[in-house]
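Reading through the structure tokens given below for one structure.
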Amino acid sequence: MDYRSSDPYASPYGPDIPAGPRREDVLPASATAAVKVVIVGGFGVGKTTLVGAVSEIRPLTTEETMTQAGVGVDDLAGVEHKTETTVAMDFGRISINEQLVLYLFGTPGQQRFWFLWNGLFEGALGAVVLLDTRRLEVSYDVIGQLEERGVPFVVGVNRFPGSPTYPMAELRAAMDLEDSVPMVDCDARDRGSCRDTLLTLMRYLYTLTTASPEPQ
Amino acid sequence: MNGAGPDPATAPGSPDRLYILTGGQDRAEKRTELDLVTLIVSRTESEAGLQPEHAAIVRMCHYPLSVAEISAYLELPVSTLTQLLTELLADRQVEARPPVPAAALPDVRLLEAVMNGLQKL
């Protein structure tokens, strides 16, 4: 490819801001469709670390802005009361084959970020809930919300040094998880461990699909 | 994809199925459903006459790129980018390759493909 005077990767905003992927991060023209998996968990639980461990591109950040009516302020009808929320989501990419691309999105689990979930979980294959044993309550809410939305998920326990070492069975009971939902140890820094966690999710989805009387 | 009637593919169990496209005041009837992982590909080599933001998108999408990636590279919120993409789609400057449609449960062959791909990591 020759670019003559205008380099297609040069930024219109100036040389410091990249205007596109690095050459090595370009998808083949044959890429026809993508799927996504969402990694949910509280701050610092290792979502971005997990994404980075398996992604073929350096994790990127996308922003979503949402103008929300003031939460829980229903009695101010007619009064402009809006807040603008901007939340960053890190994501990565795995080329499955020449046609298919898998995207992994890390999203915060706290309730105030659930507005992000609407576009995010729609069409997602499923989710990995990254569990921080130091802050179980965040994951508890997340799991309830996923169940309500009918999003299949597995739970990855990212054990931090010095965090409480509960046995899996105890964690399952504490999280009120059904026996059918897989729970695995997941070291978010370790590529193999993250891959296995994603495979656990895929196998679980496979089980759900093949067990379903009407697979569409 | 057409604008006639509700989408029959609306997944059961997701009553508040939202479109990412926001606003829509002036293009309400042309609303395009764009996902974070919809792949965008330019249909044109020429950026003549395009606004800088549109030109930047056309330029970086010579090869397929997801909405999320474009948003990241341009440092634009997804909702803003969606607006720009809707305009480019309407003018046929880019094409959109929608994600694998999500049934209530994913297709077995799709899952097998993903598993095979992951095994290679």
Fewest Cβ neighbours within 10 Å first, please rank A:Leu102, A:Leu171 accordingly.
A:Leu171, A:Leu102
Return A:Glu122, A:Glu24 ranked ascending by Cβ neighbour count within 10 Å, so the fewest neighbours appear first.
A:Glu24, A:Glu122
Sort A:Ser163, A:Ser193 so the one with the fewest other Cβ atoms within 10 Å of its own Cβ comes first.
A:Ser163, A:Ser193
Determine one quarter of the surface area of the Cα convex hull of the stretch A:165-216, which equals its mean projected area, and express it in nm² to one decimal.
4.7
For a quick check: with amide H placed at 1.01 Å from N, whose amide H comes under 5 Å from A:Phe153's, ignoring anything fewer than 5 positions away on the same chain?
A:Ala127
Starting from the Cα gyration tensor of the stretch B:28-119, take the square roots of the eigenvalues, sort them a ≥ b ≥ c, and report rounded, prolate or oblate (rounded when a/c is under 1.5, otherwise prolate if a/b is larger than b/c, else oblate).
prolate
For A:Leu131, what residues show an amide H to amide H distance below 5 Å, using hydrogens built from the backbone and excluding near sequence neighbours?
A:Gly156, A:Val157, A:Asn158
³J(HN,Hα) computed for each position of the stretch A:140-153 - Karplus, 6.51 cos²θ - 1.76 cosθ + 1.60, integer Hz, glycine/proline x:
4, 5, 4, 5, x, 5, 5, 4, 4, 7, x, 8, x, 8
Collect residues whose amide H, placed 1.01 Å from N in the peptide plane, falls under 5 Å from the amide H of B:Ile40; neighbours closer than 5 in sequence don't count.
B:Leu65, B:Ser66, B:Val67, B:Arg97
Looking at the square roots a ≥ b ≥ c of the eigenvalues of the Cα gyration tensor of the stretch A:76-202, which shape do they give, rounded for a/c under 1.5, prolate if a/b is larger than b/c, or oblate?
oblate
Considering only C-alpha atoms, what is the centroid distance from the stretch A:161-216 to the stretch A:37-68, in Å?
19
What list of ³J(HN,Hα) values in whole Hz, one per residue of the stretch A:177-190 in order, does the Karplus curve 6.51 cos²θ - 1.76 cosθ + 1.60 (θ = phi - 60°) give from phi, with Gly and Pro shown as x?
8, 5, 4, 6, 7, x, 10, 9, 6, 9, 8, 4, 7, 9
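Every number here is computed from the coordinates shown, using simple stated rules; none is lab data. Predicted, not measured: the structure shown is a model, and the values here were computed from it. Methodologically, a virtual Cβ is constructed for each residue, glycine included, from the backbone with ideal geometry; neighbour enumeration extends over all protein chains shown.
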